[in-house]
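Below is one structure, written out as structure tokens, with a few remarks after it.
The values are calculated or read from the model by the stated rules, or taken from the named source; none is laboratory data. Quantities reported herein were computed from a predicted structural model and do not represent experimental measurements. Note: ideal-geometry Cβ built from the backbone for every residue, glycine included; neighbour counts use all protein chains shown.
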Amino acid sequence: MAYGDGVAIVGIDCAFPLARDTDAYWELLLRGGDAIGDVPTERWDPAAFPAADGAARAGLARGGFLDGADVFDNDFFSVPPREAAAMDPQQRLLLHSAWRAVEDSGVAPGSLAGSGTGVYVGVMGGEWGRLHLGDYDRVTPQLGAGSSAGMTANRISYQLGFTGPSMAVDTACSSSLVAVHLGVGALLSGECDTVLAGGVNLVMSPALGLVYHQLGLAAADGRCKPFSALADGIGRSEGVGLVVLRRLSDAVADGQRIYAVIRGTAVNQDGRSNGITAPNRWSQEQVVATACKRAGVEPREVTFVEAHGTGTALGDTIECAALGSLHGEGRAEPCAIGSVKGNLGHTEGAAGIAGLIKVALALHHRIVPASRFADRENPQLRLAQRGLRLLKSPLRLPPGPVVAGLSSFGMGGTNAHAVLGSAPRPAPRTTAKRARPGAGVFTLTADTPGALIRNLTEQADAVARRPRTAAAALCRQSNRVKTGLPYRFAVTARDTEELAGALREAAAGGLPEQVAHRPWSRPSVAFLFTGQGAQYAGMTAGLYRESAAYRQHLDAADAALLPYVDTSVRDLLLAGDERGVAGDLTQPALFAVAYALAATLTAFGIRPAAVLGHSVGEFAAAVTAGVLTLDEAAHLVAARGRLMHGLPEGGAMLSVQAGPDALRQLLAEEPQAHIAALNGPRDTVLSGTAEALARIAETLEEAQVRARDLQAPAAFHSPLVRPVLDRLRSAAGSTEPRTPEIPVFSTRYGRLLADTERMDADYWAAQAESPVLFADALADLETVCAPTHLVEIGPRPQLLPLAGRAGLATSVEFLHPAPGPEAGGSELAELVAQLYRTGLDPDWERLYDPEVTAGSGEKLRGYSFSTAHRYWTAPPAPRTEQVPAARPAATPPRPTSPLAEPAEPATTDPVSRDRDPVLAAVIDAVAEVGSYPLEQVVHSARFYEDLGFDSVMIMQLKDRIEARLPHLGEVSVQQLLPALRSVGTLAQFLGGHLTEGVRA
Amino acid sequence: MSATAYLAATGSALPGPPVDNATLGRALGVSEEWVDIFVGTRTRHFGWDLETGQVRHTLADLCAQAGGAAIDAAGLDPVDIEFVLLATATPDTLLPTTASEVADRLGLMYLPAFQIQSGCAGAVQALDLGRTLIAGGARAGLVIGGDVTHRHLDPHRDVARVPTEELVNYVLFGDGAGAAVLTAEPVAERVAVRGVLNRFTGLGRPPGQTVDWYGISDRHSERPMLVEDYKAIEESVPTMAREILWELLDQLEWTPDDLDFLLPPQLSGRMTERITEHLDVPGAKEVSCVAETGNTGNALVLLQLARLLPDLPTGGRALAIAVESSKWIKTGLGLEKV
């Protein structure tokens, strides 16, 4: 097999005794921790296995036991309690781990659904099945599926929606490294683009311990002591570990963080050797040599080897002999060796993955942890003569590429070896990073509001432990990884200190409902483009400095305007120069800002459902709607600005807080005054000669009607602009207006632009003279488009206050991307955050500076699953009757209540149940089939998404419903299926069926 | 010294918003004008609340922030860092050292992490030591300098009764940290450390500055925590600075005309102006920070470097001078971008 550049380890998740996650595992390894403890009482009673001298038998009293091996967040995966309880806990642990491993690879697990991702799980033996399937009276379909080894991998594929190969691998203790080997092969052959590989092991019964004991391989103290003079055999242990693998070139292209690179793997067999359970030196040597060859590595280049190292006299001797003959040759420094089994014990089916994760982390952190018990090295191994060195203290790896080896051997003679290299480093920077990343949006999602709060707390703690840095990179990673679950949280932050504070506040204060947003649909956004009057010197300069996207689009607008205005509007804006927004540059400057804001939002994935432009705002609106090109609009706006500015002096505009009816009489008396804009029921703008307007203002003041001189340079939107209309029309003559791609609500017509109406030269000429019918256009927009959000596109809010007084539906929210002179990247980010909370899925990458998105992604804490449900030793409703244990007095880990006969339905009936006996029957039947608590089976609960029903459960449900509703008569599954959307729809259907039956 | 060390990047940390003289004047009950005229420092930062005295940013917080920023700006990973040197006069605790706390925050492990007890000369002293570690084979290391004031300035002190020489402390100092990544090869900013001067010259001289601390035995002592002999400082520092300038120029065989930038000692806005004038290198552009940051002790030179590096062109030369008046320590750096 051609390894090419190799296979990158891009995601890791694991849990081992006394190490609940990857960080804790690494910490345990670095401090040389000991994870061995007493056997938990719920597993078995060691006293029931006395040795000849009366003491507990070696290896049966102690071992490595996983904390919370019975915990399962079944609701997260929509697995009914009954099924959860029937599932081998190894399957459950893998589901948690799979989710977190994918997250660690910088990918939202939901986004891989439907992909051909492969799953390869090493798992040894089938203790769960042996413990449960022997009792034939208790056999259920759930228990059948729950006890199959193949299901360990298949469940992951099912739950995460992976359609690639999915298989369990059992080669005894080498299972999980063989699983990795198969996964690597699937990547290299092109069968998969992403692979999840690893293993799991739980010590559910003393059976294998008894086997080790009889073989003389069980350590008296339950501890493996690899390569130590004290080594006396195996101590059994538990764990789960998965890695996400990608071809190195794909991982680099996708900017994933790379822990290490698998450069070569090999698997072989002892064949007909010295007994089926005995190790074989020559085969071991062969498998190591083959892996090195495939990796293109000479054994002498290997800096350290994570050995199988079970700590049995024979096993250690043979392994050292095999390693020494290869790695000891032709090198100045001895090859360092060690084994994690000294810390954890032998995790059997998960042993290979425990080693692989240790090696990957060692290459990543560039420190190889010491091997426990190395200080009492077994002299008979003659390590020094063999060119090997047992790691008595951690080894700091030198800078530059490092190669490591990893062995895992199975009792039946299937051997595996992997050669790993440190991750490739980007070339050293030739310039320093100087960009000051702006604000980002930190996103977090969960399956329930409570879960969101739990995860917020964990993220807050993790962020608070980091040194203070800009938050953008962390935010960007949260957008890539922590999106996709139903309940959404989003907060804008500039640095990690601010972020930690915001997360903590969200987690601690307020009700979950205030933090968690569950959108059911996407928001519908309308863009309102601001007209003249909103301009000010230096507008959006802060945003330009902080947003790369805005920079790009304002630069484009500036470049488009440059040929027509002969100066850089952008430069004047950035300099805060008054000239940039005065005279004939006013309109071009407003246009540039509006165009850039709209283009920025559109690039973020905020595509308007409608656009509306107030007066000069219609040009940027027309570009956004695809009617005009940027260049056409730039040309037009520059010409319009110049022409309007060139109008004779003496014109003015007056804003009046009154409706047009109240002004009619006044206007009739003043032929030189006109209505210029109808902005709302009590917002009217007049245009005309300064004298006429002054007289009107005086009258209004006497009538105590508020009026304000707009300081306009001319009487826009009135017949006073007629002298320049011909020139405006001819300037617009060269444009070729296209049909809008987005509905345009014209403020010239005060309504949706009809299909036959074109924004051509005549339109633009008439638009400049006729009144701005903003209120009518906005009302039509609301009627036709029913937007959820109005976003004003301009340098400060001008139209939103008008819209606020226009009596729109109260559910419409108002947003502004640049709400004033102080606004910068934070305000823009907050707008995106707000829309995300209400259901928008923005193109997050565009929100960030290219320096940020070029990085390989910060590490984020994995999802924190609920620990509320335990299925093993503490089922939800413990069964009182205990099966009297036959000799030996082991208490088999028995999933009690949910597998046994269902408990009587609780007496706490919701009100609706009293009113509707059919609904009550459905709820009871559903609760019984899934072993759900009654309160979880609500009217709106969906069978597939919320309750995790499958075909088996539907059959069971039909039986139970028929038993409860004897009058129902014959109902076929085919009839039932369409009604199986939610508990409520099923009850409704059955109710109708019953009525029909009565009628018949 | 055989191998050249390079400054790859810098980072800085200044807590909270800048505190201007008006705000400080109000808190202390002194006139803003007085601060402006006599000290010439416009703003400074405090990691503690000016009203309540509550500490919001420890020295380790600031040093980790600056260090992390420097590593990131250099385009390196924390695992590339092979030593941590931290200079301070105001560690959070005597043990563990703030250097080890910072290593922990930055995720650094299995490397030398130690501390230099120093003042205004600390940053150069740490760079001097870092240079020897690079010469000894290290590829990259982190040099940090920082100080905090919360133990030496009392927000509850009745300032009306504070003598002027002590009141000056309140307007002179600020909290902050600066960091630089030193590398064996030119990467990122690619600024070669061409020369370092580091001389104790206080033989037989009384200290110009004393920063004291109390323990169990003397916790009720009335002696001041922070004392400066301003007369001696005003008299000596300009001369010492000039000597440092010329000694470094001679050592590097540079002339004043070779200098594109000059980083003068940062005592206070006013003092720095006076010293710079006295140094008289009109061709070199001054890079100072004290008027905005206040006197941040061990952070100063590193904060100046953070301002210098973006402006230093390839081939450009800069000279930094720092004088520690505690026991009269002369330090300086000669830098050249390659």
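Which one of A:S422, A:S407, A:S393 is surrounded by 19 or more Cβ atoms within 10 Å (Cβ to Cβ), within 14 Å of chain B (Cβ to nearest Cβ) and polar (S, T, N, Q)? Step through it out loud before you land on a result.
On the way: A:S407 fails: within 14 Å of chain B (Cβ to nearest Cβ); A:S393 fails: surrounded by 19 or more Cβ atoms within 10 Å (Cβ to Cβ).
The conditions single out A:S422.
In the range A:295-319, which residues are touching a strand residue (DSSP E or B) at 6+ places or on another chain (Cβ under 6 Å), at pLDDT 95 or above and farther than 22 Å from A:R366 by Cβ? A:H308 - this is the single residue of the range A:295-319 that is touching a strand residue (DSSP E or B) at 6+ places or on another chain (Cβ under 6 Å), at pLDDT 95 or above and farther than 22 Å from A:R366 by Cβ. Can you name the condition, by its number, that B:D154 falls short on among (1) more than 14 Å from every other protein chain (Cβ to nearest Cβ); (2) at positive phi? So the condition that B:D154 fails would be (2).
Only one of the numbered conditions (1) farther than 22 Å from B:A13 by Cα; (2) among the charged types (D, E, K, R); (3) without any contact (Cβ under 8 Å) to a residue 40 or more places away in the chain; (4) assigned to a helix (DSSP H, G or I) is violated by B:E247, and that is (3). Of all residues in the range A:270-299, those satisfying the criterion of being surrounded by 16 or more Cβ atoms within 10 Å (Cβ to Cβ) and out of contact with any helix residue (DSSP H, G or I) (no Cβ under 7 Å at 6 or more places or on another chain) are A:N280, A:S283, A:Q286, A:V287, A:T290, A:A291, A:R294, A:A295, A:V297.
Checked against the criteria, B:R157 counts as basic (K, R), out of contact with any His (no Cβ under 6 Å at 6 or more places or on another chain) and in a loop (DSSP other than H, G, I, E, B).
If the requirement is being in a helix (DSSP H, G or I), in contact with a helix residue (DSSP H, G or I) (Cβ under 8 Å, 6 or more places away or on another chain) and without any contact (Cβ under 8 Å) to a residue 60 or more places away in the chain, which of these qualifies: A:L957, A:L994? First the steps, then the outcome.
Values: A:L994 fails: without any contact (Cβ under 8 Å) to a residue 60 or more places away in the chain.
Just one listed residue meets the conditions, A:L957.
For the range B:21-39, name all the residues that are surrounded by fewer than 17 Cβ atoms within 10 Å (Cβ to Cβ) and of a type outside the set (D, E).
Answer for the range B:21-39, where residues must be surrounded by fewer than 17 Cβ atoms within 10 Å (Cβ to Cβ) and of a type outside the set (D, E): B:A22, B:T23, B:R26, B:A27, B:G29, B:S31, B:W34, B:I37, B:F38.
Which ones in the range B:282-336 are surrounded by fewer than 21 Cβ atoms within 10 Å (Cβ to Cβ) and within 14 Å of chain A (Cβ to nearest Cβ)? Answer for the range B:282-336, where residues must be surrounded by fewer than 21 Cβ atoms within 10 Å (Cβ to Cβ) and within 14 Å of chain A (Cβ to nearest Cβ): B:R307, B:P310, B:D311, B:P313, B:T314. Exactly one residue among B:G204, B:G119, B:G174 is free of Cβ contacts under 8 Å to residues at least 12 places away in the same chain, farther than 19 Å from B:A70 by Cα and not hydrophobic (A, V, I, L, M, F, W, C), and that residue is B:G204. If you go through the range A:435-450 and keep only what is of a type in the set (A, V, I, L, M, F, W, C) and either at pLDDT below 95 or on the phi > 0 side of the Ramachandran plot (or both), you end up with A:A435, A:A439.
Quickly run through the range A:559-574 and pick out the residues that are over 22 Å from A:G820 (Cβ atoms) and of a type outside the set (A, V, I, L, M). Lay out the reasoning, then the answer.
Residues of the range A:559-574 over 22 Å from A:G820 (Cβ atoms): A:559-568.
Of everything in the range A:559-574, those that are over 22 Å from A:G820 (Cβ atoms) and of a type outside the set (A, V, I, L, M) turn out to be A:P563, A:Y564, A:D566, A:T567, A:S568.
Could you list all residues from the range B:162-215 that are of a type in the set (S, T, N, Q) and surrounded by fewer than 22 Cβ atoms within 10 Å (Cβ to Cβ)? Steps first, answer last, please.
Within the range B:162-215, the first condition is being of a type in the set (S, T, N, Q), and the residues that meet it are B:164, B:169, B:183, B:198, B:201, B:209-210.
Of everything in the range B:162-215, those that are of a type in the set (S, T, N, Q) and surrounded by fewer than 22 Cβ atoms within 10 Å (Cβ to Cβ) turn out to be B:T164, B:N169, B:N198, B:T201, B:Q209, B:T210.
Just name the residue that is surrounded by the fewest Cβ atoms within 10 Å (Cβ to Cβ) out of those in the range A:201-242 that are within 24 Å of A:L93 (Cα to Cα) and of a type in the set (S, T, N, Q). Within the range A:201-242, the match that is surrounded by the fewest Cβ atoms within 10 Å (Cβ to Cβ) is A:S205.
Just to be sure before I move on: is A:L628 in contact with a strand residue (DSSP E or B) (Cβ under 9 Å, 6 or more places away or on another chain), modelled with pLDDT of 95 or more and not in a helix (DSSP H, G or I) in the structure I sent? It is false that A:L628 is in contact with a strand residue (DSSP E or B) (Cβ under 9 Å, 6 or more places away or on another chain), modelled with pLDDT of 95 or more and not in a helix (DSSP H, G or I). Checking B:G315 against (1) in a helix (DSSP H, G or I); (2) farther than 26 Å from B:P91 by Cβ, only one condition comes out false. Which one? For B:G315, the exception is condition (1). For the range B:90-118, the candidate set comprises residues that are charged (D, E, K, R) and touching a helix residue (DSSP H, G or I) at 6+ places or on another chain (Cβ under 6 Å); within that set, the residue that is nearest to the other protein chains (Cβ to nearest Cβ) is B:R105.
Among residues belonging to the range A:440-490 that are assigned to a strand (DSSP E or B) and among the aliphatic types (A, V, I, L, M), point out the one that is nearest to the other protein chains (Cβ to nearest Cβ). Write out each step before concluding.
Here is the first cut: in the range A:440-490, the ones assigned to a strand (DSSP E or B) are A:440-446, A:470, A:487-490.
With the extra rule that they be among the aliphatic types (A, V, I, L, M), the set shrinks to A:441, A:444, A:446, A:470, A:490.
Values: A:V441: 21, A:L444: 23, A:A446: 27, A:A470: 8, A:A490: 25 Å.
If we take residues in the range A:440-490 being assigned to a strand (DSSP E or B) and among the aliphatic types (A, V, I, L, M), then A:A470 is nearest to the other protein chains (Cβ to nearest Cβ).
For beta carbons closer than 7 Å, sequence separation of 6+ or different chains, a first residue in the range B:1-28 that is away from chain A (no Cβ under 14 Å) and a second that is among the β-branched types (V, I, T) and not in a strand (DSSP E or B), the qualifying pairs are B:A3/B:I134; B:A5/B:I134; B:N21/B:V35; B:L24/B:V35; B:L24/B:V171; B:G25/B:V35; B:L28/B:V159. Restricted to the range B:51-89, and to residues there that are more than 13 Å from chain A (Cβ to nearest Cβ) and within 12 Å of B:D147 (Cβ to Cβ), the residue that is surrounded by the fewest Cβ atoms within 10 Å (Cβ to Cβ) is B:A89. Of the residues making up the range A:960-991, those that are in contact (Cβ under 8 Å) with a residue 24 or more places away in the chain, part of a helix (DSSP H, G or I) and crowded, with 16+ Cβ neighbours inside 10 Å are A:R960, A:I961, A:R964, A:L968, A:V983, A:G984, A:L986, A:A987, A:L990, A:G991. Give the residue that is farthest from the other protein chains (Cβ to nearest Cβ), with candidates limited to residues of the range B:40-50 that are crowded, with 21+ Cβ neighbours inside 10 Å and of a type outside the set (S, T, N, Q). Here the answer is B:R44.
A:A715 meets each of the listed conditions (1) exposed (fewer than 12 other Cβ atoms within 10 Å of the Cβ); (2) over 44 Å from the mean Cα position of the chain (by Cα) apart from (1).
Of these, A:A98, A:A55, which one is among the aliphatic types (A, V, I, L, M), modelled with pLDDT of 85 or more and on the phi < 0 side of the Ramachandran plot? Before the answer, list the steps.
Working: A:A55 fails: modelled with pLDDT of 85 or more.
Going through A:A98, A:A55 in turn, the sole match is A:A98.
Check the range A:341-361 and report whether any residue there is touching a residue at least 12 places away in the same chain (Cβ under 8 Å), within 14 Å of chain B (Cβ to nearest Cβ), farther than 23 Å from A:L208 by Cα and within 36 Å of the chain's Cα centre (by Cα). Looking for residues that are touching a residue at least 12 places away in the same chain (Cβ under 8 Å), within 14 Å of chain B (Cβ to nearest Cβ), farther than 23 Å from A:L208 by Cα and within 36 Å of the chain's Cα centre (by Cα), one finds at least one in the range A:341-361, hence yes. If the condition is being part of a strand (DSSP E or B) and among the hydroxyl-bearing types (S, T, Y), then the range A:729-771 contributes only A:S746. Residues that are in contact with a helix residue (DSSP H, G or I) (Cβ under 7 Å, 6 or more places away or on another chain) and more than 17 Å from A:Y550 (Cβ to Cβ) within the range A:577-606 comprise A:R579, A:V581, A:G583, A:D584, A:L585, A:T586, A:Q587, A:P588, listed in sequence order. Does B:T183 satisfy being modelled with pLDDT of 90 or more and within 14 Å of chain A (Cβ to nearest Cβ)? Taking the combined requirement at face value, the residue satisfies it.
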